[in-house]
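A.B. asks: Encoded as structure tokens, here's the structure I'll be asking about.
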Amino acid sequence: MATVPGDAALLVAHNLAPGDARSGEVTVTNAGDASGGFALSASDLTDAGAPLSGVLELAVDDVTAGRGVYSGPLSGLGTV
């Protein structure tokens with residue numbers, strides 16, 4: 001598996017205020033010779049202070065298939 005960006009932040013949200021929006025993008029590809037599927041899930045979420053994971057909106061798109069696979073709060077992601 002390979003990701004782009006590799007080890008950089010996916011989202012930088014300095015001075016984010018209610019109603020503001022920021023976006024980030026990561027591309028996940030199979031970098032090996034074996035075929036296989038990928039799964040994405042949220043785990044070990046820790047909200048310090050306000051429960052941000054319930055209000056941060058997340059969209060996950062399968063650009064190869066041309067469809068969205070999840071759209072909603074980070075806390076509701078489950079496994080896609």
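A.B. asks: Between N30 and M1, 0.36 nm times their residue separation minus their Cα-Cα distance comes to what?
C.D. replies: On the way: separation 29, 0.36 × 29 = 10.44 nm, distance 0.46 nm.
Extra length from N30 to M1 when fully extended: 10.0 nm.
A.B. asks: Report, please, the projected area of the chain averaged over directions, based on the convex hull of its C-alpha atoms, in nm². Mind showing how you got there, number by number?
C.D. replies: Details: hull surface 25.9 nm².
Mean projected area of the Cα convex hull: 6.5 nm².
A.B. asks: In what sequence, highest mean first, do 52-60, 14-22 appear when ranked by Cβ atoms within 10 angstrom?
C.D. replies: Values: 52-60: 13.0, 14-22: 7.1.
Top of the packing list down: 52-60, 14-22.
A.B. asks: Using 0.36 nm per residue of separation minus the Cα-Cα distance, give me the extension gain between S43 and V69 in nm, one decimal.
C.D. replies: Numbers: separation 26, 0.36 × 26 = 9.36 nm, distance 1.79 nm.
Length gained between S43 and V69: 7.6 nm.
A.B. asks: Grab the Cα-Cα distance for V55 and S23, subtract it from 0.36 nm times how many residues apart they are, and report the gain in nm with one decimal. The partial results should precede the final answer.
C.D. replies: Values: separation 32, 0.36 × 32 = 11.52 nm, distance 1.43 nm.
The span from V55 to S23 would gain 10.1 nm if fully extended.
A.B. asks: Let me ask you something else. Report, in debye and to the nearest 20, how large the dipole of the chain comes out about its Cα centre when Lys and Arg carry +1 and Asp and Glu carry -1 on their Cβ.
C.D. replies: Details: 2 positive and 9 negative charges, 22 e Å.
Value, rounded to 20: 100 debye.
A.B. asks: Also: Express the accessible area of the chain per residue in Å², computed with a 1.4 Å probe while the remaining protein chains stay in the model. If you can, show how the numbers build up before the last one.
C.D. replies: Working: 6310 Å² over 80 residues.
Roughly 79 Å² per residue, with all protein chains present.
A.B. asks: Keeping the other protein chains in place, figure out the carbon and sulfur percent of the accessible area of region 27-80, with a 1.4 Å probe. Each step should come with its number before you reach the end.
C.D. replies: Values: 2150 of 4020 Å².
Exposed carbon and sulfur together represent 53 percent of the surface.
A.B. asks: Gaussian network model of the chain, Cα springs within a sub-10 Å range: biggest mean-square fluctuation belongs to which of T27, T46, T64?
C.D. replies: T64
The values are calculated or read from the model by the stated rules, or taken from the named source; none is laboratory data. This one's a predicted model, so the numbers in the text were calculated from it and none came from an experiment. In this analysis, Cβ positions are derived from the backbone assuming ideal geometry, glycine residues included, and neighbour counts consider all displayed protein chains. Side chains included, ligands, DNA and RNA excluded: accessible areas come from the protein's heavy atoms. Shrake-Rupley method; radii C 1.70, N 1.55, O 1.52, S 1.80 Å.
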